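Participant: Here it is: the structure, laid out below.
The values are calculated or read from the model by the stated rules, or taken from the named source; none is laboratory data. All figures in this text were calculated on a predicted structure; none of them were measured in a lab. Virtual Cβ from ideal backbone geometry, glycine too; neighbours counted across all protein chains shown.
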Amino acid sequence: MKPLPKLRKRSKKALFELKPYLDDINDRVEQTGYIGHDPVQFMHAFTDKKDIEIAGFFAATMAWGRRDIVISKVDDLLKRMHYDPFNFIENYTQAEFNRFLNFKHRTFKPVDIHGMILSLQQIYRDYDDFEAFWKMCYESGSEQNRPFLALFHEEFFARSSDLSGRTRKHISNPEKGSTCKRLYMYLRWTIRKESPVDLGIWNFMNASELLVPFDVHVARQARRYGLIARRTNDWKTVNELTSTLALMNPKDPARYDYALFGLGALDHELPKRFLLNKV
């Protein structure tokens with residue numbers, strides 16, 4: 001089999017020629033009208049911080065597949081929690097498990113909801129809120145020189161009193177090579193400030209530290225326009241892409257997630273002269 005041609009990478013000069021076009025697409029996509037068509041809407045549906053962060057966490061964790069189906073499934077899940085997620089989790093017992101018996105989204109099953117609710121329940125007993133738990137993982141990751149999302153994976157599941165082994169696959173681990181797309185989408189929602197879409201309710205880390213939520217749409221556009229040179233969709237590649245985007249906006253590289261998503265899924269276009277690779 002003939003090897004694939006090597007991908008060309010855009011030079012720094014060429015990157016800054018592209019920047020105003022990406023900024024323009026970003027500005028057109030990152031608007032309040034985006035909210036109603038995206039799972040982030042469930043964070044906007046609540047006013048209490050704990051409700052917001054729980055609704056967002058489940059919405060991000062289940063953000064797998066077509067957005068309209070994801071939105072329908074997340075709404076179904078929150079309905080089963082009486083649209084009162086923190087109170088439901090705080091008072092959850094085994095007797096409440098029946099509420100989820102016929103729930104399914106892709107490979108997400110009732111047993112997975114059950115195990116994750118028990119983890120969240122214990123976290124809220126041990127910490128002031130979910131952000132405080134994330135802050136602990138972030139600081140531990142720094143101390144251990146490990147990706148803090150790997151610490152999040154370990155610490156989150158360590159707190160469930162009734163956990164199926166299969167549930168662990170629903171939260172990514174960068175030490176397994178994952179891009180951690182859904183976790184970084186959740187962090188984009190919670191960390192980025194002054195956005196019409198992202199709520200910015202957390203402060204434990206800076207937007208400059210966010211990696212880009214990396215899915216197949218983003219990957220394809222990043223390769224087409226020479227933002228990455230690796231063909232594998234993994235942890236190294238998402239770091240390469242974020243480093244490239246940080247050259248254009250060091251304080252907020254994840255902002256360009258909107259532009260790349262717009263190019264890949266919303267039919268926005270760049271001038272053809274910017275195309276570097278056929279993928």
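Participant: Taking region 4-23, which residues are farther than 17 Å from residue 260 by Cα and of a type outside the set (Gly, Ala, Ser)?
Facilitator: 4, 5, 6, 7, 8, 12, 13
Participant: Picking from 255, 224, 231, which residue would you name as being closer than 17 Å to residue 24 by Cα and charged (D, E, K, R)?
Facilitator: None of the other options fit; the residue is 255.
Participant: Okay, moving on. Between 92, 21, 34, which is at pLDDT 95 or above, surrounded by 14 or more Cβ atoms within 10 Å (Cβ to Cβ), part of a loop (DSSP other than H, G, I, E, B) and among the aromatic types (Phe, Trp, Tyr)?
Facilitator: On inspection, the qualifying residue turns out to be 92.
Participant: Okay, moving on. Name the residue, out of 222, 246, that is within 19 Å of residue 20 (Cβ to Cβ), of a type outside the set (Lys, Arg), modelled with pLDDT of 95 or more and crowded, with 22+ Cβ neighbours inside 10 Å.
Facilitator: Only one candidate passes the filter, namely 222.
Participant: Considering every residue within region 143-154, establish whether at least one is surrounded by 17 or more Cβ atoms within 10 Å (Cβ to Cβ), among the charged types (D, E, K, R) and touching a residue at least 24 places away in the same chain (Cβ under 8 Å).
Facilitator: no
Participant: Can you pull out every residue in region 66-77 that is over 19 Å from residue 111 (Cβ atoms) and either in contact with a helix residue (DSSP H, G or I) (Cβ under 9 Å, 6 or more places away or on another chain) or modelled with pLDDT of 95 or more (or both)?
Facilitator: If the condition is that a residue be over 19 Å from residue 111 (Cβ atoms) and either in contact with a helix residue (DSSP H, G or I) (Cβ under 9 Å, 6 or more places away or on another chain) or modelled with pLDDT of 95 or more (or both), then 67, 68, 69, 70, 71, 72, 75 are the ones that fit.
Matching residues to (1) of a type outside the set (A, V, I, L, M); (2) closer than 17 Å to residue 116 by Cβ; (3) touching an Asp or Glu at 6+ places or on another chain (Cβ under 6 Å):
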residue	(1), (2), (3)
56	yes, yes, no
60	no, yes, no
77	no, yes, no
85	yes, yes, yes
100	yes, yes, no
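Participant: Of these, 176, 135, which one is surrounded by fewer than 16 Cβ atoms within 10 Å (Cβ to Cβ) and under 18 Å from the mean Cα position of the chain (by Cα)?
Facilitator: Of the residues listed, the single one that is surrounded by fewer than 16 Cβ atoms within 10 Å (Cβ to Cβ) and under 18 Å from the mean Cα position of the chain (by Cα) is 176.
Participant: Could you count how many residues in region 95-132 are among the acidic types (Asp, Glu), surrounded by 16 or more Cβ atoms within 10 Å (Cβ to Cβ) and in a helix (DSSP H, G or I)?
Facilitator: Residues flagged as among the acidic types (Asp, Glu), surrounded by 16 or more Cβ atoms within 10 Å (Cβ to Cβ) and in a helix (DSSP H, G or I) within region 95-132 amount to 2.
Participant: Can you confirm whether residue 78 is in contact (Cβ under 8 Å) with a residue 12 or more places away in the chain, more than 30 Å from residue 177 (Cβ to Cβ) and crowded, with 17+ Cβ neighbours inside 10 Å?
Facilitator: Criteria met by residue 78.
Participant: Next question. Can you tell me how many residues within region 160-189 are outside any helix (DSSP H, G or I), within 20 Å of residue 210 (Cα to Cα) and either out of contact with any His (no Cβ under 6 Å at 6 or more places or on another chain) or of a type in the set (D, E, K, R) (or both)?
Facilitator: Adding up the residues that qualify gives 5.
Participant: Scan region 59-77 residue by residue and report those that are hydrophobic (A, V, I, L, M, F, W, C) and outside any helix (DSSP H, G or I).
Facilitator: Across region 59-77, the qualifying residues are 62, 63, 64.
Participant: Looking at (1) crowded, with 18+ Cβ neighbours inside 10 Å; (2) over 22 Å from residue 66 (Cβ atoms); (3) modelled with pLDDT under 95; (4) not aliphatic (A, V, I, L, M), find the lone condition where residue 215 falls short.
Facilitator: The failed condition is (2).
Participant: When region 251-276 is examined, which residues are found to be surrounded by 19 or more Cβ atoms within 10 Å (Cβ to Cβ) and more than 17 Å from the chain's Cα centre (by Cα)?
Facilitator: Scanning region 251-276 gives 263, 268.
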